[in-house]
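Below is one structure, written out as structure tokens; comments come after it.
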Amino acid sequence: MLRVDEIYKTARANNCSVVKALHDEMGDGAGNTVQALRERRESYTSMMRQMLSAVESENRKFSAQEEADWRELERNVEHLNSEIRLEQVQLDQQAEEYWGNKKGPAPSGWRDAKTGRAVNVYAPQDRLSGSSESDYSTGVTTGDAIVSMVTGRGSEQVRASLSEGTDSSGGYLVPEPLSRDLIDRMRAKTRVIQAGARTIEMETETLSIAGIADDPTPAWRLENNLIQESNPTFNRLTFQARWLGVLIKTSRELMEDSPNAGDAVNRALAGALAAEWDRAALFGSGDAPEPLGLVNTTGVHEVSMGTDGAALEGYAQMLEAVSLTTSDNAEPPSAMIMAPRTLYQGISGLTDTTGQPLEAPRVLRDVPMLDTSGVPIDEEQGQATNASRIVIGDFSHLLLGVRSSVRIEILREVFGQNHQLGIVAWIRADVQVAHPKAFAQVKGIIPA
């Protein structure tokens, strides 16, 4: 295990980011095994404990750099929690497959045939209980449950899960571990999550939390004079569980005959739901039942490429966007999200006067540039009808509210004449922006 205390002391002595120092020491890590991910998470949490211990012993508050480090460590821990859950799901699936077809002890050094990665395949009775990951140790996925609903077959764990979730209308309320499996797969596919957006678990249909509309204004005072009052402006962010679902159609024969049907259904559902969740989080119209997306939220800064739009010729507009957010006391951006066209034909094609690739300025160099087809490339700006935009900011202020339960319904009669069936999967979710001034958008980007 890394000596986090030594890394912390060295970083402070050199007046640099403790996160950067920690990353330099850890390198690329030992892979994506559950154990490696847990060790990496422990390094982050140990550094957070070290930072708290230091400020408490010195009776002070976090500096600006320490506050930024703390936020980044929180984002890293949250991301690793999702990664660990997904890896655990895959391990449990492999274990179920092995013990469903083999007898005796699992061979040592067993490896995943696809990745070649060593995994620990264990017997069902050897599973640990009581840990935060134990809910994922059934080896059952949402896709497995759907296949069982259609075919009537499945493992004992699948049938037990379904019997617990059957409702009077013929649908199924997917048990909590399976719901989190699908939701975590959605999270892993969404660009806004990769950018640092946080998910808020909604225990009820509505949830209200505080957001920041305006920061307080400090002031100097003379001795014996009144303290100037300046209150921050808080606003109420109310999450309303909104219906988000997907319908896929398939043949009964395919579900019965394909050994990988469960995995295919799981991937299809997670991919479709994630893509729409991503789009709505950024560009939702706010017209019921769609949530109001980030770019349409009042207070988000805007940088225009001109009356009729223009092609990017450098990084000036992106720097202006960062300047607007940080001038409003926001943290440096955690990411920028754009259309693939903007990234690969625009930014990646920038050159200097000698024809060499144009390097990004230092303040943008470490900001992840994420592309998604969810960013439109057919927006209107003046005479332009092929404009797009870049969204940049501290995405930890973008909050995704989600009800943890997934409901599955099988439509048998609608497509019955073709001996097909429909699968409807839905959750309820919402989007809120805690601090709009932490974001800016560059609008009116057209191809060169």
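The values are calculated or read from the model by the stated rules, or taken from the named source; none is laboratory data. Predicted model, so just to flag it, every value in this text is computed and none were measured. Just so you know, the surface numbers come from the protein's heavy atoms only, side chains and all, with ligands and any DNA or RNA stripped out. Shrake-Rupley method; radii C 1.70, N 1.55, O 1.52, S 1.80 Å.
Tabulated data
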read-out: Accessible surface of E205 - all protein chains present, 1.4 Å probe, nearest 10 Å²; value: 100
read-out: Cα-based convex hull, the range 268-360, per residue volume (Å³, whole number); value: 157
read-out: Descending semi-axes in Å of the range 315-367, equivalent ellipsoid built from Cα gyration tensor; value: 23, 13, 9
read-out: Sulfur and carbon atoms: percent of accessible area, the range 33-78 [1.4 Å]; value: 45
read-out: For the range 348-437, Kirkwood radius (reciprocal of mean inverse C-alpha pair distance, Å); value: 18.7
read-out: Note, ³J(HN,Hα) from phi for the range 192-198, Karplus 6.51, -1.76, 1.60, rounded to Hz, x at Gly and Pro; value: 5, 5, 4, 6, x, 4, 10
read-out: Surface share of carbon and sulfur [accessible, 1.4 angstrom probe, percent] for the range 348-440; value: 45
read-out: Per-residue ³J(HN,Hα) for the range 328-338, Karplus 6.51 cos²θ - 1.76 cosθ + 1.60, θ = phi - 60°, Hz, x for Gly and Pro; value: 9, 6, 7, 6, x, x, 8, 5, 10, 10, 8
